[in-house]
1. If you check K72 against the conditions, is it part of a loop (DSSP other than H, G, I, E, B), open to solvent by 80 Å² or more (accessible area, probe 1.4 Å) and modelled with pLDDT of 65 or more?
2. Hey, among P15, P10, which residue is of a type outside the set (K, R) and surrounded by 10 or more Cβ atoms within 10 Å (Cβ to Cβ)?
Amino acid sequence: MAAELHFSPPEIREPTLMENVLRSGLFFGAVFQLVCVWAITLPVPKCPETDWHSLGTRSGETVKKAKALLRKKAQKESKKNRAGLEREGPQDTRISWNASSEVAPKAAD
């Protein structure tokens, strides 16, 4: 006579609150990582004012001319800013250390 073995399924306990928090945290962390990878792979235009559809129809020289105009405009603005600073007069921007190691502007001679 063979003895019958009674196999019962193992007892599975209910997950605790901390196990549920850990499981959901890992799930949302994985979803966040997938969103980050997706955001990196998406091509995003660098300049919001640029009309990317019309740039595809322009010739290479037209784009170069537009860039040159923008560069000249920026140079003119920087010249205006420099000229404005020169009219105000020289400013003493030197910094010296005093005995208490605090930063203080150097007194004008």
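1. Details: part of a loop (DSSP other than H, G, I, E, B): no; open to solvent by 80 Å² or more (accessible area, probe 1.4 Å): yes; modelled with pLDDT of 65 or more: yes.
So K72 fails the test.
2. Working: P10 fails: surrounded by 10 or more Cβ atoms within 10 Å (Cβ to Cβ).
Being of a type outside the set (K, R) and surrounded by 10 or more Cβ atoms within 10 Å (Cβ to Cβ) holds for just one of P15, P10, which is P15.
The values are calculated or read from the model by the stated rules, or taken from the named source; none is laboratory data. None of the values given here were measured: they were computed from a predicted structure. Backbone-built Cβ (ideal geometry, glycine too); neighbour counts: all protein chains shown. Ligands, DNA and RNA are stripped out before the accessible areas are found, and what is left, the full protein with its side chains, is counted by its heavy atoms. Shrake-Rupley method; radii C 1.70, N 1.55, O 1.52, S 1.80 Å.
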